[in-house]
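Colleague: Below is a structure I'd like to ask you about.
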Amino acid sequence: MATILEYKCPCCDGKIEFDSSLQQMKCPFCDTTFDVSTLQDYDEILSQQAPQEEMQWDTDAGSEWGQDEAAHMGVFACTSCGGELVTNATTAATSCPFCGNPVVLAGRLSGDLKPDFIIPFKLDKEAAKAALKAHISSKKLVPKLFRSDNHLDEIKGVYVPFWLFDADADANIEYRATRVRAWSDSQYNYTETSYFALLRSGCLSFDRVPVDGSSKMADDMMESLEPFDFSQAVPFQTAYLSGFLADRYDVTAEDSVARANERVKRSTEEAFAQTATGYATVTPKNSNIMLSNGKAKYALYPVWLLQTSWQGNNYLFAMNGQTGKMVGDLPMDKGAYWRWFALWSAILGAAAFGVLMLLRLLDII
Amino acid sequence: MKKRLISLLFVLALCALIVLPAFASSEGFVFDLCDAVADPDALSEEAQAIYDETGVALYFIITEDLGGQDSDDFVTQFAQEHGFYEDRVILMEGPTSYFICADGAPEELLTQEELIAMREAYVDGETYTSGIRDYYSSALAALQTGRPLTLPTDASEAVTEAVEDETEATEAQAIVPGGEETSKHSNRLVDDGELLTAVQETALAEKLDELSEKHDLDFVIVTEKTLNGKDKVDFADDYYDYNGYRADGVLLLCCPNENARHISTTGDAIDIFDEDAFDELVDEILPYFNRDDYNGGFLSFADTCDGIITSARAFPWGLLVFALLIGAGLSWLIPMSSMKSALKSVRSQAAASDYVRAGSMNLTQNRDVFLYANVTRTAIPKERSSGGGGGSHVGSSGTSHGGRSF
């Protein structure tokens, strides 16, 4: 049986041919030449990377509430945004921490999952206020009026639901790397760029990659609050909810897996890229990452939510209730921006002028 | 018959002696052949007054051209041509020297020291006019030192006694021009190679003086018949150093006989005349020299140097604008973008590096396969070849010079 084997150019993926004059394989599209043995090696390696990307998660997280527990819990639902809060019976929510709507309906817990872990609040309301003040005052472009007029409309400690994913990543990654060498003779400067295919296989394990399980909480804001120190997490007890609100998850573990996969994939590529040293550039070309032993857990993480309004706009800030990390986008004063821009331009322009004059004095330019 | 003829000639000679002073007085006492003196007529009147009082004529001649003669011969011939009084003192400023002589009665009356004092009085004067007045008063003082003014009747025996003050050294003929605003010495042009006519010399010297004052930087042109075996660079540098020019200046040496041309720069001019400036200058003036148009070459030299110095000393507005653009770009790139990004603290996490289990990484395959290499080459820009000189060096006097031969 006659078989025809065609090689693809590693550079441009075009069909590559043997050039008899060069006695080498030559790509008719990008004119790159290769040794035949190089292509065979390359092909052989690629054929080993057959398995397709696959991610399987065991999302059997959380457990049913016990009857006793449910009896002591309350659920508040916001009529405006639909956000749901879980509290113990002694806590009353007066307004929705997400949208500020003052009308919340009280209800009963039923059939929800009970969290596996909880990280209790370490920092109190005063600490959150102080952190917000520091957050605002350290930024030079914040409008002055925002600093002085700004008052807190609402400050609430909220336990935010997170899905925590554990996984082992089996990776098969091909990187494209370059190495640059430069030399010169009496007439020319030469630059040689060598291209390499780097092949890395191995495994890497991840513990408790968190994904925000509440659609009311912006995912990017919750990710900005990371990292949380899981070593301080304890098995969930309803007692920890006292005085705080608990958001109820409304994104299932299955729906959250994709986000965890993205982050795990990127980290795996980065981790294996660090094993390639001595190259000018290393970029992933193909990556096959299989996740195994995926397990999901359901946990509540402590977050202080601070809401302020200024000039008709709401500004939401969040503080990691465990580490005190404060995040939240701030408005910019355009006038201040241009004043600072003019000042910096004048300073740097004067410095540049000085340097240019010095260079001119030294006959360098 | 022969005796008659002799006596007739004698009578004619006597008549001439009587008539000539009339011509002399009409021509005045100040002969300015190069338009250097501001008001020669007023000075002539003062000399007339002195003549009326003492019977001694005080002449002053200034010229840039001795017509190839030495000072003594030039003055004697000049006095004959212009019918000078017999009892006279003649002070002459030539292109390279000062000359004073006394004929007739003053020859007996005045000592050599007094003549030198008169000459020095002139030389020390701030301007031509004040120098000539100082010469007059010095002469008047010497003539009126209480000695009876006995005018000898036998004028035909007048013997010329010249006091010449020509410096021995060939390279050091010029006199210090001094740093004052109205330097009267026009020795920024030294045409010992005699490449220019008197008219050209006067115009060029004026231009050099004017530009030297304008830039506070001496423009000097020296032409020589021979460099006496000296290297042209050393000759030019030493000429500048040992003739009392300003600390900053540019000197063009031209000696066609030895095919030697060199531009020497000193002080500020070393920085102003960089390689590009020399290129521009040589490109401008070389065509003139190639067709032996020395006057054109020298004028072009003066004009081009003027332009180079003016633009070099002009405030570099273009550079300032360029620097401000760089400043604006840098401030947009670094401080402003960091200040602006500080306002934004909500960002997604791209990776999950915080959650990698420590020590869990296990590498099972680690292969680096070389695929191919591209070599690119770019030509190295050629160094410009300069026409010799360039950079700066230290002359024999210890002064730094830049320069370019061409």
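No lab work stands behind these numbers, since they all come straight from the coordinates. Since we're looking at a predicted model, the values are computed, not measured. Neighbour counts run over all protein chains shown; Cβ positions are idealised from the backbone, glycine included.
Colleague: Specify the inter-centroid distance of the range B:230-249 and the range A:279-305, based on alpha-carbon positions, in whole Å.
Modeller: Their Cα centres are 79 Å away from one another.
Colleague: In addition: Amide H to amide H under 5 Å from residue A:325: which residues, 5+ apart in sequence or cross-chain, H placed 1.01 Å off N in plane?
Modeller: Under 5 Å from the amide H of residue A:325: A:320.
Colleague: To the nearest 0.05, what FRET efficiency results for residue B:394 and residue A:31 with a Förster distance of 56 Å applied to their C-beta separation? Walk me through the numbers before you get to the answer.
Modeller: Numbers: r = 58 Å, r/R0 = 1.04.
After rounding to 0.05, the efficiency reads 0.45.
Colleague: How do A:186, B:396, A:80, B:212 rank when sorted from fewest to most other Cβ atoms within 10 Å of their own Cβ? All intermediate terms of the calculation are to be shown ahead of the outcome.
Modeller: On the way: A:186 5, B:396 10, A:80 14, B:212 22.
Taking fewest neighbouring Cβ atoms as first place, the list is A:186, B:396, A:80, B:212.
Colleague: If neighbour count is taken as other Cβ atoms inside 10 Å, put A:15, A:129, A:265, B:382 in order from fewest to most. Mind showing how you got there, number by number?
Modeller: On the way: A:15 11, A:129 15, A:265 21, B:382 7.
Fewest-to-most Cβ neighbours within 10 Å comes out as B:382, A:15, A:129, A:265.
Colleague: OK, next. How large is ³J(HN,Hα) for each residue in the range A:212-221, as worked out from phi by the Karplus curve 6.51 cos²θ - 1.76 cosθ + 1.60 (θ = phi - 60°), to whole Hz, x for Gly and Pro?
Modeller: Going residue by residue, I get 4, x, 10, 6, 6, 8, 4, 4, 5, 5 Hz, with x marking Gly and Pro.
Colleague: Among the aspartates and glutamates, which fall within straight-line cross-link reach of residue A:114, defined as a Cα-Cα distance under 14 Å, with same-chain neighbours fewer than 8 residues apart omitted?
Modeller: Partners found: A:60, A:64, A:68, A:69, A:247, A:250.
Colleague: I would also like to ask the following. Karplus couplings for the range B:239-247 from phi (6.51 cos²θ - 1.76 cosθ + 1.60, θ = phi - 60°), rounded to Hz, Gly and Pro as x?
Modeller: Using θ = phi - 60°, the values come out as 4, 5, 5, 9, 10, x, 6, 4, 5 Hz.
Colleague: For residue A:129, give me every one of the lysines with a C-alpha distance below 21 angstrom, ignoring sequence neighbours fewer than eight places off in its own chain.
Modeller: Excluding near neighbours in sequence, the set is A:139, A:140, A:144, A:156, A:325, B:344.
Colleague: Using Cβ contacts closer than 10 Å as the measure, can you line up B:123, B:75 from fewest to most?
Modeller: Neighbour counts put them in this order, fewest first: B:123, B:75.
Colleague: Cross-link candidates for residue A:8: which aspartates and glutamates have Cα within less than 14 Å, leaving aside residues fewer than 8 places away along the same chain?
Modeller: Cα-Cα hits under 14 Å: A:17, A:31, A:35, A:41, A:43, A:44.
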